[in-house]
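The structure appears below as structure tokens.
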């Protein structure tokens, strides 16, 4: 899956404008000098579908072929605002919870039921 590598300086700028959810849109990495977040294009596409805002799917489609993907991504976030940031964060979080080979049918519901049972017993 294609990713957009957003450098620390752009993240800081977006964070000042849209808050701390910006740092939760993808995994954070650093080599000790250069820090960046890797934003999955799949998470951006899922967020665009969930938002249902006019023009957003088209903008994401253009992002795929952008010559400057970081600039195009920053423009996308600035245009569609904090709702898009929250939705990208949610899509990334949801994708992070699914194992690479999927999970057996119903296992998530069973785990939630077990968790709810133990929470009510506490």
*So which residues in the stretch 1-40 are over 26 Å from residue 61 (Cβ atoms) and not in a helix (DSSP H, G or I)?*
19, 28, 29, 30, 31, 32, 33, 34, 35
*Does at least one position in the stretch 93-105 carry a residue that is over 17 Å from the mean Cα position of the chain (by Cα), modelled with pLDDT under 55 and surrounded by 10 or more Cβ atoms within 10 Å (Cβ to Cβ)?*
yes
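Every residue, every condition in (1) under 19 Å from residue 2 (Cα atoms); (2) at pLDDT below 95, yes or no:
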| site | (1), (2) |
| --- | --- |
| 48 | yes, yes |
| 65 | yes, yes |
| 69 | yes, yes |
| 73 | yes, no |
| 81 | no, yes |
| 85 | yes, no |
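The values are calculated or read from the model by the stated rules, or taken from the named source; none is laboratory data. Quick caveat, the model's predicted, so the values are computed rather than measured. Positions of Cβ are generated from backbone atoms using ideal geometry, with glycine treated the same way; all protein chains shown enter the neighbour counts.
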